[in-house]
Amino acid sequence: MTDALSKQAVDPIAKRLGYASDQDLVLHLPLRYEDETRLTPLHQARPGETVTVEGVIVHAEVQPRPRRQFVIELSDPSAAVPRPAARLFARWLHFYPSQVAQLKAGVRLRLHGEVRPGLFGAEMVHPRYRLVQADTPLAATLTPVYPSVAGLGQTAIRRAVDRALRSADLTDTLPADIPRDLSLPAYAEAIEVLHHPPPDIDRLALERRTHPAWRRLKFDELLAQQLSLRRHARARAALAAPALTGGEALAERLLAGLPFRLTRAQARVWDEIRADLACGRPMHRLLQGDVGSGKTLVATLACLPAVASGWQAAVMAPTELLAEQLYSKLREWLTPLGINLVWLAAGLRGRARQAAFAAITTGEAQIAVGTHALIQEAVTFPRLALAIVDEQHRFGVEQRLALRTKGGAPHSSPLTPHLLMMSATPIPRSLAMSYYADLDVSTLDELPPGRTPVATKLINQARRAEVIARLHDYCLAGAQAYWVCPLVEASEKLQLKAAEAAYAELSAALPDLRLGLVHGRMKAVEKSAVMEAFKAGDMHLLVATTVIEVGVDVPNAGLMVIEHAERMGLAQLHQLRGRVGRGRRESTCILLYAEPLSATARQRLRIIHEHTDGFVIAREDLRLRGPGEFMGARQSGTPWLRFASPEWDGDLLEAARQLAEQLLDRHTPAVDRHLARWLPRGLDYLQV
Ligand code: ADP
Ligand code: MG
């Protein structure tokens with residue numbers, strides 16, 4: 001390590017709180033405050049109130065019974081009220097001999113704590129106390145109570161924070177007129193107010209974090225996030241990308257061959273993408289659209305300008321099963337147009353693999369479809385113009401980051417390829433605006449016509465036999481169904497066992513039906529053989545693990561049973577349910593749940609039962625879990641917004657967005673100063 005900061009010994013308190021530098025203590029903000037700026041006369045100390053009182057010890061003793069404890073009695077020598085009323089007991093169940101020696105009759109004490117009704121009058125149990133003189137001044141500001149870790153006392157933290165406040169650089173990163181125009185205080189003032197609020201401060205605003213001091217820090221944090229992300233976006237926009245203008249004729253032929261027309265949303269998004277591809281700068285676009293909104297067709301259209309101008313496109317999905325579905329759809333649509341596609345996945349071996357590699361490196365393959373093997377393999381695309389990533393939320397965080405920073409598969413062209421990411425997990429607008437500030441977002445907000453809404457039923461596991469009987473009748477009437485096995489987080493092996501058990505049970509219970517089983521541990525070829533058979537109508541019932549969660553498309557399947565639905569997340573349930581309701585028949589999704597239900601599980605089931613719109617479900621999910629969990633931040637190790645919430649601080653977010661653009665336009669040193677304070681050690685908010 002070379003920077004001066006890391007050589008400097010870190011304050012031991014900062015270290016224990018998990019910080020890497022003293023500077024972090026400045027932003028270690030109080031959870032709440034105690035008011036020690038006023039004394040409550042002893043006779044006015046009411047049970048239930050938390051107060052600071054002062055008195056002189058009139059009696060102190062260690063009582064052996066009913067439990068060894070140290071008790072003192074205080075009285076107020078200045079009180080006009082006689083002693084029984086103006087007295088208070090303090091009680092310690094854990095104490096040191098030194099304490100007993102110190103707290104003797106005649107000593108003047110200041111106590112802070114909650115008053116409780118005691119046997120002999122008002123008392124405090126384990127109050128905070130200090131020895132004082134009659135003229136010891138009261139605290140001038142509210143006393144902060146900081147988040148702590150086991151064994152670390154408030155006094156130690158307060159001292160460490162105060163020391164950090166004295167030594168840290170609190171100069172404003174922004175020119176003074178900026179906070180002033182937003183009615184926000186200077187940085188130093190905000191910090192000081194939050195650590196040491198004056199007694200007359202608006203306590204409610206402080207608690208609700210709506211006080212201007214809080215808003216200043218939230219604003220600064222959001223600004224850092226916007227600066228960081230918009231700077232990425234600008235750096236990318238400065239790169240050159242192939243300008244892809246052709247493809248109209250191919251698109252017309254493709255659309256003419258379809259049995260349906262583009263939805264208005266598809267047409268709009270297709271225009272947005274076409275404009276991006278033509279402009280000569282790398283596209284960086286997220287296409288979000290609910291399950292079944294027709295993203296695959298949009299992706300297919302997006303490939304055409306690349307193909308028409310002699311470039312290559314790479315289309316990737318997170319799992320082999322999904323990639324294969326994608327491949328078969330693209331092949332169905334594009335082979336008639338004379339376009340050459342190749343399949344590339346990690347499972348591909350020997351000759352087939354070499355042939356695929358060769359087709360890609362000679363440029364003969366115009367489109368390659370596969371899993372992330374496409375990114376990781378040594379194969380290089382000589383003329384890659386476009387990388388498309390389907391179901392991008394399912395990729396691991398690392399892969400998503402790699403995609404977002406580097407933009408897709410390896411290529412040898414000096415031009416940067418365009419990147420289109422697709423996701424069926426809609427991100428509420430507020431989160432998209434903050435965390436995705438480096439992306440352009442397109443939304444398919446309309447489903448193709450003719451979908452029948454899925455009826456969702458919540459059924460107790462106890463009625464399982466009834467459900468199986470119903471499944472039987474349903475399948476015999478000519479329709480197909482899915483049975484989704486319980487999620488077993490602990491291990492894939494257990495998950496497989498559960499799937500095999502369900503398959504055996506259902507096979508025995510439904511001897512006149514044809515069943516298939518598909519799970520994550522199967523070889524890709526086996527999986528796709530089962531899927532093909534199901535698609536072709538050769539099976540009534542497909543027993544599956546959550547591998548069918550995304551992308552699977554079988555219009556004749558109109559019933560889905562999900563076992564132990566209470567274990568699954570909202571996004572997952574919504575995606576699973578999206579597998580049915582794709583054809584003309586009435587569709588049903590049965591959520592089997594087992595009691596007892598946790599409060600959150602109950603809420604999740606209620607939400608999925610009441611709503612079918614993916615955006616509404618996402619919003620509820622966000623409300624239930626908070627942004628960190630919602631976006632999968634826990635595992636990512638990238639910094640999260642600590643103070644601001646894009647949901648609640650929308651006005652600050654909007655202001656931060658505008659200011660970030662202005663500051664970046666002006667190339668002012670404020671940008672680096674601000675990022676150095678909020679994103680030390682080179683961290684950034686880039687996160688998918
Ligand atoms: P997703 O957005 O979940 O990936 P898909 O692309 O798999 O959705 O589309 C779901 C189904 O809708 C597919 O069978 C697809 O062929 C069909 N589809 C796509 N666009 C339209 C449209 N405009 N009209 C009717 N059906 C469509
Ligand atoms: Mg899809």
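A short reminder: the numbers here are calculations on the coordinates, not readings from a lab. Bear in mind the structure is a predicted one, so any value in this text is a computation, not a measurement. A quick note on method: Cβ atoms are made from the backbone with ideal geometry, for glycine too, and the neighbour counts reach across all protein chains shown.
Sequentially through the range 16-21, phi angles give Karplus couplings (6.51, -1.76, 1.60; θ = phi - 60°) of 5, 7, x, 9, 9, 8 Hz, Gly and Pro residues having no value and appearing as x. Taking a straight Cα-Cα cut-off under 12 Å and skipping sequence neighbours fewer than 8 places away in the same chain, the aspartates and glutamates within cross-link reach of residue 15 are 24. Of all DSSP beta bridges confined to the chain, the antiparallel ones make up roughly 35%. For the range 38-138, what log10 I(q)/I(0) values come out of the Debye formula at q = 0.12, 0.22, 0.25 1/Å, with one point per alpha carbon and no solvent? Taking Cα atoms of the range 38-138 as identical point scatterers yields -0.34, -1.21, -1.56. Peptide packing for 435-442, 144-151 was compared via the average number of neighbouring C-beta atoms within 10 Å per residue; ordered from the highest value, the list is 435-442, 144-151. In straight-distance terms, cross-link reach from residue 457 covers every one of the lysines whose alpha-carbon lies under 27 Å from its own, apart from those fewer than eight places away in the same chain; here that gives 497, 535. Scalar couplings 3J(HN,Hα) for the range 468-476, obtained by applying the Karplus form with A = 6.51, B = -1.76, C = 1.60 to θ = phi - 60°, are 5, 4, 5, 4, 4, 4, 4, 5, 5 Hz; x denotes Gly and Pro.
Taken one residue at a time, the phi angles of the range 616-626 give Karplus couplings (6.51, -1.76, 1.60, θ = phi - 60°) of 5, 5, 4, 5, 5, 4, 4, 5, 6, 10, x Hz. Gly and Pro are set to x. Summary of the geometry: the range 82-136 and the range 576-617, compared by the centres of their Cα atoms, lie 58 Å apart. Search the structure for amide H atoms under 5 Å from the amide H of residue 315, placed 1.01 Å from N in the peptide plane, and list their residues when 5 or more places away or on another chain. Long-range HN contacts for residue 315: 368, 369, 370, 388. Coordinate range of the alpha-carbon atoms in the range 140-250 per principal axis, descending: 76, 38, 28 Å.
For the chain, the longest principal axis of the Cα atoms and the long axis of helix 320-334 meet at an angle of about 40 degrees. Taking Cα atoms only, the orientation of helix 350-362 departs from the longest principal axis of the chain by about 90 degrees. Scaled against 2.2 N^0.38 Å for its residue count N, the alpha carbon radius of gyration of the chain is 1.23.
Per residue of the chain, the DSSP helices (runs of n ≥ 4 H) give a summed -39500 (n - 2.57) that works out to -12000 deg cm²/dmol at 222 nm. Normalised by the number of residues in the range 38-138, the mean separation of alpha-carbon contacts (under 8 Å, six or more apart) gives a relative contact order of 30 percent.
Summarised as an ellipsoid, the range 463-539 has semi-axes of 22, 18, 9 Å, derived from the eigenvalues of the Cα gyration tensor scaled by 5 and square-rooted, with the largest first.
Taking label points 7 Å from Cα along the Cα-to-Cβ direction, residue 67 and residue 252 give a separation of 8.8 nm.
Computed over the alpha carbons of the range 454-611, Rg followed by Dmax gives 14.5, 42 Å.
When you restrict to C-alpha pairs under 8 Å that are six or more residues apart and normalise by the size of the range 454-611, the relative contact order lands at 33 percent. Remark on the range 248-444: hydrodynamic radius 16.7 angstrom, per the Kirkwood mean of 1/r across alpha carbon pairs.
Peptide packing: for 96-102, 648-654, the average count of neighbouring Cβ atoms within 10 Å per residue gives the ranking 648-654, 96-102, highest mean first. Once the Cα atoms are used to define both axes, helix 397-406 deviates from the longest principal axis of the chain by about 70 degrees. Along the Cα-to-Cβ line of residue 31, 7 Å from the Cα, sits a label point; which residues in the range 186-205 have backbone N less than 16 Å from it? No residues fall inside that zone.
From the alpha carbon centroid of the range 325-362 to that of the range 249-317 is 19 Å.
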